[in-house]
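S.K.: Can you read through this structure? Questions will come right after.
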Amino acid sequence: MSEIKPNDKGSSEESAEEQDWAAAKAAFDNLKSNKPRPPKPKNAVTIAVSSRTLFNMKAERKIFEEEGLEKYVAFQQEHENEPLKPGPAFPFVKALMNVNTQLRELYPDNEELFDIVLMTNNHAQVGVRLINSINHYDLTIERFCMTGGKSPIGYLKAYLTNLYLSKSADKVIQAIDEGIAAATMFTPDTEQELSNTQLRVAFDGDAVLFSDESEIIVKQHGLDSFFEHEKHFENKPLAQGPLKCFLEALGKLQRKFYAKNERLNCPIRTFLVTARSAASSGARVLKTLRSWGLEIDEALFLAGAPKGPLLQKIRPHIFFDDQMFHIEGATELGTISAHVPYGIGQKYHKGKLIEQPKKKE
Amino acid sequence: MVKMSLEPVQVMSGQVAELKVAPSSNGDSAGSWEGKREFDKDHLGLTAKPKPVTGRRARKVEGGVFFPKPENAVTVAVSSRVLFRTEREQRVFEQQGVEEYLRYQIEHENEPFAPGPAFPFVKALEAVNARLRELYPQSEELFDIVLVTYNHAHVGIRLINTINHHNLFIERFCMTGGSSPIGYLKAWQTNLYLSADANKVREALTEGIAAATMFMPEKMTEVSESQLRVAFDGDAVLFSDESERIFKAHGLDKFFEHEKENEDRLLDHGPLKGFLEALGKLQKKFYAKGQRLDCPIRTYLVTARSAASSGIRALKTLRAWGLEIDEALFLAGAPKGPMLEKIRPHIYFDDQMFHIEGAAEMGTIAAHVPYGIAQKHNSKHNTSAGK
């Protein structure tokens, strides 16, 4: 933007030029306020979602699996102008946008916001339908990666992704191996009404926020040894798990609200829903969180009680757990759940070791 | 083929080093938790510094049911203020605000709280559980105690330390950090909710959960450690307040007439009937094993009703519900305090503050059930007195 030199032209021309300038500036300012620009990845909390988690593409997926790629792409093109139905990650994304709006009100020029990237294996031709659907719901998703079959992991890293949600367990496992917080999403059986003013995220403890070291002891040596161990090492923080950094990112944004005295109305609320027993093994968890400088708003120690009913009361936009048993219990009662395929919990189902059939490599 | 390593994966290991503890609510820098700075991934042995965990032994939970499913157990939810005495902390909260309160709690983390009004009750529940486990080792029909508190997770450590200090078995927690815990009560299938806050109790009652507000008596009389004793008022606690209404509106004579006429018509049930039912279910398990005389649960009805003139309806109603009550005291208006002092219940439920105060004066642990017409009558009485 070059400066306007104080010119020595005639006053009428000057005012005309200034008017032009003023008009151009006004147009540009309008441009800026209507569609806020997405933040730079290194400042933002980047959430990558796949198209199947954002939208419900069951029917289309069926066509792809049964009739092949060509038919699938043709189908999508035909139905380009029909917006897709919302998928499991949709309420979560809507809630994120909501938080962004509130953050922009409090900190107008700040780039510490949520940024949502669509990371999909889909073919570029399908992009039109996705864009139409996104605009239909008035979502602000400006960044796309349509990898046309290639692995998205490289792109996830380039975007400094803080969380990756997908329906494909393979991609999620790959992402976790690369050090990116990731989870496989599941659609609940029934739909629940969720808050549209407050983002609510629920986490399991072991093997999600923390490493699975304690889980290993329970599975291999039983509860009594576990309690003994936890008491012994009460003051030693647990190692971190795959989703710890996402909780950290949420905490960073929460503090921005606290700084503006909005603690009671904070539009982000975090929950710890763990099967641990409070008096026997809870102290280590709380002390670990404290040593990391992380706060969690509500802590529920279930000591083995089923998580489903409590999650139903919490109504989170997303619930992360490492054991399919809990995911199943949660989805049965209408909670949107995401499986974190990490740690020893993957080898067990309902406490029993899963028999792995001998696989040929 | 998925390659799953068994070592705790150091995810995002590159980013872990610098964690600035923001000047946030807990205000805790190095304060109360020694040894925090020393953690070293490879050093698996005991570091010398960390404070030794109190001399208790870790719990043994194998070889018995210790974590019953909520639907099978009799779930009692208590708040932190009734389980322990937290008056000082409460004052800090009210006078200096939440940040100072959290800081205070964290500073005093290793000081256990003193027992509160619900403490003997909870201890007695555990004694009953021990007996039940002896007789029925595989059964999940036990008492289950859940701590449901408004408190923030930072206070959790002090609560955990206190629970371990007093050797209680409370493993289920709901720390709601300020939002209402009532929703969680239903998810826990709570049979009884005890709190110090009358508003929460009223909310729970409207949701159909048996609840009562507990008060700290000036002195606590000694109660049995081997037998759980629960005393109930009749009207507006076990039964509905229909009779109370007639009495308050039309007087004693009309009340007697009405009761006589309706002797065979059952009274409607009151907020604590479900809890008495749950107690009865557990009592029957002892009777089945021939332990009627030795039963570690004993229930009392302590009512201001007059036996001959209005007692039959109460007893017939209980019979029709299939509920037994071990001892029934009809006082016909005599003060309840001295009777309760002899009974020494772990908890006494009544709907009228007048009786609660009388009981507390004599050292009985009383809990107020804010239900029914007596509440309106009291407030009317108070406002007119105040004018």
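Here, each number is a calculation from the coordinates, and none is a lab measurement. Since the model is a prediction, treat every value here as computed from it, not as a measurement. As a convention, Cβ positions derive from the backbone with ideal geometry for all residues, glycine included, and neighbour counts pool all protein chains shown.
S.K.: Count neighbours as other Cβ atoms within 10 Å of each site's Cβ, and list the trypsin sites (Lys or Arg not before Pro) in the stretch B:185-256 that are DSSP loop with at most 13 such neighbours.
M.R.: B:219
S.K.: Of the cross-linked pairs B:60/B:123; B:69/B:186; A:94/A:150; A:219/B:123, which ones have a Cα-Cα span greater than 23 Å in the structure shown?
M.R.: A:94/A:150; A:219/B:123
S.K.: Below 13 Å, Cα to Cα, which aspartates and glutamates can residue B:342 reach? Residues fewer than 8 away in the same chain don't count.
M.R.: Candidates past the 8-residue exclusion: B:222, B:327.
S.K.: Run the quick spin-label model on residue A:56 and residue B:257: label points 7 Å from Cα toward the beta carbon, then report their separation in nm to one decimal.
M.R.: The answer from the label model is 6.4 nm.
S.K.: Considering the alpha-carbon set of the stretch B:70-214 alone, what are its Rg and its Dmax in angstrom?
M.R.: Taking only Cα atoms of the stretch B:70-214, I get Rg and Dmax of 15.4, 51 Å.
S.K.: Ok, one more. Suppose R0 equals 51 Å. What FRET efficiency, 1/(1 + (r/R0)^6) with r the Cβ-Cβ distance, do residue A:17 and residue B:269 give to the nearest 0.05?
M.R.: 0.05
S.K.: Give the calculated FRET efficiency between residue B:100 and residue A:101 to the nearest 0.05, with a Förster radius of 25 Å applied to their Cβ-Cβ distance.
M.R.: Once the sixth-power term is evaluated, E becomes 0.15.
S.K.: Turning to a different aspect of this structure: Classify the stretch A:199-349 from the C-alpha gyration tensor, please: rounded if a/c falls under 1.5, else prolate or oblate depending on whether a/b exceeds b/c.
M.R.: Note, shape of the stretch A:199-349 comes out oblate.
S.K.: Radius of gyration and Dmax for chain A's Cα atoms, expressed in Å?
M.R.: Values for chain A (Cα only, Rg and Dmax): 24.0, 92 Å.
S.K.: Rule-of-thumb check for the protein assembly as shown: C-alpha Rg over 2.2 N^0.38 Å?
M.R.: So the protein assembly as shown has a normalised radius of gyration of 1.13.
S.K.: Further question: Take the residue pairs A:236/A:347; A:42/A:307; A:307/B:281; A:231/B:200; A:313/B:273 and return only those whose Cα atoms are more than 29 Å apart.
M.R.: Those over the limit are A:42/A:307; A:231/B:200.
S.K.: Between beta-carbons, use under 12 Å as the cut-off and find the net charge around residue A:58, counting Lys and Arg +1, Asp and Glu -1.
M.R.: +3
S.K.: Which aspartates and glutamates does residue A:58 reach when only Cα atoms under 13 Å apart count, and residues fewer than 8 places away in its own chain are ignored?
M.R.: Correct list for residue A:58: A:66.
S.K.: At a temperature of 10 °C and a viscosity of 1.306 mPa s, determine how fast the stretch A:150-202 diffuses translationally according to Stokes-Einstein, using the Kirkwood radius over alpha-carbon pairs as Rh; express D in µm²/s, rounded to the nearest whole number.
M.R.: Result for D is 125 µm²/s.
S.K.: Oh, and also: At most 16 other Cβ atoms within 10 Å and a DSSP loop assignment: could you name the GluC sites (Glu not before Pro) in the stretch A:257-328 that fit?
M.R.: A:262
S.K.: Return the aspartates and glutamates within reach of residue B:248: Cα separation strictly under 13 angstrom, same-chain partners fewer than 8 residues apart disregarded; answer none if there are no such residues.
M.R.: Correct list for residue B:248: B:235.
S.K.: How charged is the neighbourhood of residue A:152? Take every other residue with its Cβ under 15 Å from the Cβ of residue A:152, and add Lys/Arg as +1 and Asp/Glu as -1.
M.R.: +3
S.K.: Counting other beta carbons within 10 Å of each residue's own, what order do A:82, A:70, B:171, B:277 fall into, fewest first?
M.R.: Going from least to most buried by this count: A:70, A:82, B:277, B:171.
S.K.: Along the Cα→Cβ direction, 7 angstrom out, place labels at residue B:91 and residue A:81. What is the inter-label distance in nm?
M.R.: Those two pseudo-labels are separated by 7.4 nm.
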